[in-house]
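Input: a single structure, listed below in structure tokens.
The values are calculated or read from the model by the stated rules, or taken from the named source; none is laboratory data. None of these values were measured; they are calculated from a predicted model. Neighbour counts run over all protein chains shown; Cβ positions are idealised from the backbone, glycine included.
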Amino acid sequence: MTRSCLPRLALFLPLLLAVFLASAPARGHELNSAFLSLTEVEGHEGRFRLRWEASSSTLASELATPAVFPPPCKVDGAFLDCGHDGLVGTIELPWLEGTETNVMVVIEWRSGSRLLRVLTGSDPSLVVYGIPASAGLRALRPIVVDYTRLGIEHILAGFDHLLFVVALTLLVRGGRKLLGAVTAFTVAHSLTLACAVLGWLTLPAPPVEAAIALSIVLLCGECIRQTDSLARRAPWAVTFAFGLLHGLGFASSLLDIGLPEAHVPTALLFFNVGVEVGQLGVIALVVALRLVAARVPVRPATVRRGLVYAMGGVAGYWSIERIVAALTGPSV
């Protein structure tokens, strides 16, 4: 009896982890703000006028060089000289990590292109991809690599999206039906992701996040029920509807990360590609585990039910937490 309970208890550990993470206190630091401006000089390709301002005089005096610039860029007094290759690569602010200082970075090129980004203690670096006129196709390769990686990381670190994909894999039987459901989910979240990132669709984040959590609860409920519901007959329709919600969640994260102004379509496309790679990897893992479980002397139905209840419990906790936040938070 005790041994049979262990798998179920283990499956409920994510719920305890969620409660622990939600109650973890934040650290306090002195709050400062700073401004870093790089403006390309007319008639001098790759040469930028550098301006650094800080709200704290101590911070301003201590940091003679506020940032580490990518090679071959070199600081030359009040200028940054990057040569013919231009400003392409990672700008790092090592001193910023772990503080509560916000640094606004503004980069302006002669062509009129402009990049604006706020760096924080949890995100102290910025990748600059250049502009088509100066960097050409060379700028696209790091965008493809970085945003594909960001998409994969987002689906794997975004536990709500991850649980939805796992629940979908447990609900839908048959490769063709699963492929159709995943495709519908992909199309839907790609649509709302693009609309939100391009500014065509704007919704407040708290109710969207609450609805995403509720979508997991509903999907877990369908996994438990054995009735012939719409989710079982036409899972693509249900996943399309829920995918519209999840796309708004993806957009919120992508907007926080930031997009290269001159390469928004490319970054958006490959962020989506990364999400799909991560999503398909999770589905493949779940399917493989189901095949392994079928050969192990355990009761797969019991393990599956325990897993669904654990996911539903976590999603239920998120739902309550996010609904309360949406109702009690400041109005937008």
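Each residue in the range 25-69 was checked for being within 28 Å of the chain's Cα centre (by Cα), modelled with pLDDT under 85, under 22 Å from V127 (Cβ atoms) and in a loop (DSSP other than H, G, I, E, B), and 1 of them qualify.
Condition first: assigned to a loop (DSSP other than H, G, I, E, B) and either under 28 Å from E321 (Cα atoms) or hydroxyl-bearing (S, T, Y) (or both). Now tell me which residues in the range 169-211 satisfy that. Hits for the range 169-211 are G199, L201, T202, L203, P204.
Take the range 91-126 and flag every residue that is of a type in the set (G, A, S) and in contact with a Lys or Arg (Cβ under 9 Å, 6 or more places away or on another chain). The answer is G98, and nothing else.
Which one is modelled with the lowest pLDDT among residues in the range 113-127 that are assigned to a loop (DSSP other than H, G, I, E, B) and surrounded by fewer than 18 Cβ atoms within 10 Å (Cβ to Cβ)? It would help to see each step written out before you state the result.
Initial filter on the range 113-127 (assigned to a loop (DSSP other than H, G, I, E, B)): 113, 121-122, 124.
Next, only the ones that are surrounded by fewer than 18 Cβ atoms within 10 Å (Cβ to Cβ) stay: 113, 121-122.
Working: S113: 74, G121: 82, S122: 81.
Restricting to residues being assigned to a loop (DSSP other than H, G, I, E, B) and surrounded by fewer than 18 Cβ atoms within 10 Å (Cβ to Cβ), the top hit is S113.
For the range 218-229, how many residues are under 22 Å from H161 (Cβ atoms) and free of Cβ contacts under 8 Å to residues at least 60 places away in the same chain?
Within the range 218-229, the first condition is being under 22 Å from H161 (Cβ atoms), and the residues that meet it are 218-224.
Checking the rest, the ones that are also free of Cβ contacts under 8 Å to residues at least 60 places away in the same chain come to 218-219, 222.
Matching residues across the range 218-229 total 3.
Taken as a whole, the condition of being within 28 Å of K177 (Cβ to Cβ) and at pLDDT 90 or above applies to L285.
Taking residues in the range 151-163 that are under 15 Å from I283 (Cα atoms), and partners anywhere that are among the polar types (S, T, N, Q) and part of a helix (DSSP H, G or I), the pairs with Cβ atoms closer than 7 Å and at least 6 places apart or on different chains are I155/Q279.
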